Amino acid sequence: MENTEVIPQERPQALKTLCILSYIGCALIFLLSLLSIPNIMKSDEAKQREIEQVRQMSDEMEEQLEMQYMDPSYKSKMTGKLVVDIAFLALTLTGVVMMWKLKKTGFYIYAASEVLYYFSGYLSGQGDPSKIMDSMPAMFKNIALGFVALMIIQDLLFIFLYWRQTKHMR
């Protein structure tokens, strides 16, 4: 009599590590997204106090912040951005869960979500995010660009490392 028992495929340690790191990253990003809600709901008085604080650092940044805060559609734009960000986060998490289950489709969902996220400003009606950086002093602009560069490198690295694990997925 032949043994027809199906043995489940073993999940490689590298894939386990990547998925766990991605779960942690998704949780942190979700928490940070929730922290933006009080900023969206700020009163006009709180916005004015913040504008005054920024004015002490840079007149250009103060002008940009004031235009942003005084825009009547500010709250709806920021809410839209939050919704789009959480939607991309959900897509990313869906891809990671599928890869955890050794499904190759999860890689494509994950990679698409990570790459398309950088265009989420356009999708949410925020427009070109680099316009905000134009008004920043050089030091702040360099720090912001450094963080963006690190995010892109980290995303590309994870996409590459997940791609290397697709041979274990079906």
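The values are calculated or read from the model by the stated rules, or taken from the named source; none is laboratory data. None of the values given here were measured: they were computed from a predicted structure. Quick reminder, even Gly has a Cβ in these numbers, built from the backbone with ideal geometry, and neighbours come from all protein chains shown. The protein model used for the area step is the full one, side chains on, heavy atoms only, and it has no ligands, DNA or RNA in it. Shrake-Rupley method; radii C 1.70, N 1.55, O 1.52, S 1.80 Å.
Computing FRET efficiency as 1/(1 + (r/R0)^6) for Arg170 and Ala138, where r is the C-beta to C-beta distance and R0 is 45 Å, gives about 0.35.
State the percentage of accessible surface on the chain attributable to carbon and sulfur atoms; use a 1.4 Å probe and exclude ligands, DNA and RNA. Answer for the chain: carbon and sulfur cover 67 percent of the accessible area. Note on Lys47: lysines with a C-alpha under 17 Å away, same-chain residues under 8 apart excluded, are Lys75, Lys77. The Cα atoms of the stretch 7-52 cover 63, 17, 7 Å along the three principal axes, with the biggest extent listed first. Charged side chains reduced to their Cβ positions (Lys and Arg at +1, Asp and Glu at -1) give the stretch 51-119 a dipole of some 860 debye around its Cα centre. What would the Debye equation give as log₁₀ I(q)/I(0) for the stretch 30-118 at q = 0.16, 0.17, 0.18 Å⁻¹, counting only Cα atoms as equal point scatterers? Reported log10 I(q)/I(0), two decimals: -0.74, -0.78, -0.83.
Under 25 Å of direct C-alpha separation, and excluding same-chain neighbours fewer than eight residues apart, Lys167 reaches these lysines: Lys16, Lys101, Lys103, Lys104.
Once the Cα atoms are used to define both axes, helix 74-100 deviates from the longest principal axis of the chain by about 20 degrees. Shown is the FRET efficiency for Tyr23 and Ser58, computed with R0 = 30 Å from the Cβ-Cβ distance and rounded to the nearest 0.05: 0.20. These residues, Glu52, Glu66, go from largest to smallest accessible area, 1.4 Å probe, as Glu52, Glu66. With n ≥ 4 as the cut-off for DSSP H runs, can you work out [θ] at 222 nm for the chain, using -39500 (n - 2.57) per run divided by the number of residues, rounded to the nearest 500? It lands at -24500 deg cm²/dmol. Using the 1.4 Å probe convention, the accessible area of the stretch 1-98 works out to 68 Å² per residue with neighbouring protein chains retained. The ratio of the alpha-carbon radius of gyration of the stretch 64-106 to the globular-protein estimate 2.2 N^0.38 Å is 1.81.
Over all pairs of different C-alpha atoms, the chain has a mean inverse distance whose reciprocal, the Kirkwood radius, equals 18.6 Å.
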